[in-house]
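A quick write-up on the structure given underneath.
The values are calculated or read from the model by the stated rules, or taken from the named source; none is laboratory data. The structure presented is a predicted model; accordingly, all values stated were derived computationally and were not measured. Here the Cβ positions follow ideal geometry from the backbone for every residue, glycine too, while neighbour counts run over all protein chains shown.
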């Protein structure tokens, strides 16, 4: 069962570019990344695209499909109406390098600045800790993050207002939440989150949660609790200490 | 042309590859105060480790207190069909618990036992529940923990940089030349110690769980630099890859499905693994469905493991046989069923990414229906010959670790032993590479110039599309050097590869040097050809079946070849193959393997 599908793919650089049209023979179960690969192998060997696992686990093939931030490897062609043109463009919140590849290096710089994990002293004489499943489940949700940066791409603070210098973005609020809610961690990231991290810029529109391919409840489970901690820290240090002690 | 766009860096240690092994090596070398570069072919954190699902094997004994390094060592040797480098298998089993515990100190969040320790799951070939895990995304957890540790370790990360040549001057490593994908510009790393951590070769086959990066770069770089490769005939075909729809063929289905109770059935609904018990493992596994089911339900003292948890080589061959004898599904696979063994909630908790993967990509709900699966190229046991203690190759200053290193896993790797291998030997490679620091010999400019010129040649030709040559190579290897091999097929493969070498020399590229996948593929082809030829030559030389290497014309194992290694080395322009006896096992370890721990 093969049908001809029409794709429009952004070709170009940061300075200039255009949408180019390609026809692809789409077989059963094909995803958008397969179509991009078919174009690359047969029609345009210099078409630039990032990918690795092709199974939604590495977060490399992020792009915008008909304007929506998505992983190309997890988007089935059959999800679009027969006859509908599928348009693939690079993420908008980051500078284009070439075609579908964007410069995401800023994200790595942001991550580097988050204060590192700092565990409490081991619980047992053999240097190990005791943590319970119910305690680890909360940060484990944030650990599902595959660093696809789709939440950064959709976030209007970055996408529309370009506040990259002031705001770390939802992906790294999630990263900070891993450690902030880690049962063993003793570092205090609240002033970092408030100042350099710019957590106040988030006005909880939840767009990030909607695009997350890992279904992480970014706003409700990561950002809002972090905002509360930051507010509490400024309001009442004793309550904040209590909160830190009791998790 | 070239000199103007060449950047040069000086380091004590250059680590090539940023999966678990490379990250662990770089962290250790940094801890030894070496100036370290970590070079990744993709973005940081995207390496293949991210896809490892099941867990890291370490005899922590948290779930079954009887476990210890001796049992782990014995399982590893038996799983490797006694072909492993025994010293590596021993070091691995002894050090894995510390390496896993250390990850917890760095922030890893493994699943827990009821008393708050690291939980461990059963896996193929492991006597006891041994895999520290995080649902079915253990590799993602591991790479993130190591990544965050590394970025705070003060080392330099060079992303999307492909290394095309190592320089060896006067028998010592002197550095490496690569190009950045973004700009297409070259970079020269000068260093007295280079650690290869480039992963495997799975992109040489059509049906594979491996990504575009897995073109055997480290194997080919080491080979070109004069190092020896061993065990290249041993390529692991994982029993369970997706088979339908066609676009997803080969994507991995974790062994964790079987670890959590999933069973294999043919199209007639028969649970066939009971019929494929190898002599070596008789008595270790359940003999009836009732016994296997009782074990899955948790009664592990009185019952033995299900036969689905036999080693990967055994399970993959059983599946191939079922399909060949006409009991496969319509898409050429068999069925993996966990829906009838565990509750939907349990499946979603323990195997969330499998649930998601099948739902999104195949429209199958694994809590209700069986998965259609078949073997997929997964891992190469063979690699650069290294010293067991230091991971140094036969070239001074050149180290190899993880999948690109050879010897640890013998003829077949146990699931879960890869993640622990990365940690144990990653640390050792980093330690010893840092100790090797010192001013490297100087690299002749002419060698650098020639390497750059050669890399750019495809731009000057109006030649064949490199993607066409790559796909022809994959077809040759899939057809003639896959799970079941024979003399005439392997000879055909070698003839075909010879023709492909000619085609590869004539590929042409359009467009600019900036982020040009056609060019990247043209360069990767050179590595693919080396590892494909090495695999075919070694497979032809080993006239027996052992572990992952199966010859239809030599179906039995030959004990005289058990400890013989096929060694491959470059001499002039020729690939030379020879046999070498491995050092014998010490008596106490032989006794341990024979009599149990």
Counting just the residues of region B:224-240 that are farther than 16 Å from residue B:381 by Cα and surrounded by fewer than 23 Cβ atoms within 10 Å (Cβ to Cβ), which one comes out farthest from the other protein chains (Cβ to nearest Cβ)?
-> B:226
How many residues does region A:52-66 hold that are facing chain B (nearest Cβ under 7 Å) and free of Cβ contacts under 8 Å to residues at least 24 places away in the same chain?
-> 4
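What residue, of B:56, B:26, is touching a residue at least 60 places away in the same chain (Cβ under 8 Å), away from every other protein chain (no Cβ under 14 Å), in contact with a strand residue (DSSP E or B) (Cβ under 7 Å, 6 or more places away or on another chain) and closer than 30 Å to residue B:586 by Cα? Walk me through how you get there before you give the answer.
Details: B:26 fails: closer than 30 Å to residue B:586 by Cα.
So the residue among B:56, B:26 that is touching a residue at least 60 places away in the same chain (Cβ under 8 Å), away from every other protein chain (no Cβ under 14 Å), in contact with a strand residue (DSSP E or B) (Cβ under 7 Å, 6 or more places away or on another chain) and closer than 30 Å to residue B:586 by Cα is B:56.
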Of all the residues that make up region B:346-370, how many are away from chain A (no Cβ under 14 Å) and farther than 16 Å from residue B:242 by Cα?
-> 3
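Out of B:247, B:218, B:241, report the one residue that is over 30 Å from residue B:193 (Cα atoms) and in a helix (DSSP H, G or I). Before the answer, list the steps.
Values: B:218 fails: over 30 Å from residue B:193 (Cα atoms); B:241 fails: in a helix (DSSP H, G or I).
Step by step, each of B:247, B:218, B:241 is checked, and only B:247 is over 30 Å from residue B:193 (Cα atoms) and in a helix (DSSP H, G or I).
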Per-region count, region B:338-359, residues within 15 Å of residue B:254 (Cβ to Cβ) and either in a loop (DSSP other than H, G, I, E, B) or touching a strand residue (DSSP E or B) at 6+ places or on another chain (Cβ under 9 Å) (or both) | 7
Looking at B:365, B:387, which is the one that is at pLDDT 95 or above, more than 26 Å from the chain's Cα centre (by Cα), surrounded by fewer than 20 Cβ atoms within 10 Å (Cβ to Cβ) and not in a helix (DSSP H, G or I)?
-> B:365
Does region B:94-112 contain any residue that is more than 14 Å from chain A (Cβ to nearest Cβ) and not in a helix (DSSP H, G or I)?
-> no
Only one of (1) away from chain A (no Cβ under 14 Å); (2) buried (at least 20 other Cβ atoms within 10 Å of the Cβ); (3) out of contact with any helix residue (DSSP H, G or I) (no Cβ under 6 Å at 6 or more places or on another chain); (4) within 30 Å of residue B:546 (Cα to Cα) fails for residue B:39. Which number is that?
-> (4)
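Of all helices (runs of 4 or more DSSP H) completely enclosed by region A:113-196, which ones contain at least 2 residues that are more than 10 Å from chain B (Cβ to nearest Cβ)?
On the way: elements: A:133-143, A:150-154, A:156-159, A:170-180, A:190-194.
Result: A:150-154, A:156-159, A:170-180, A:190-194.
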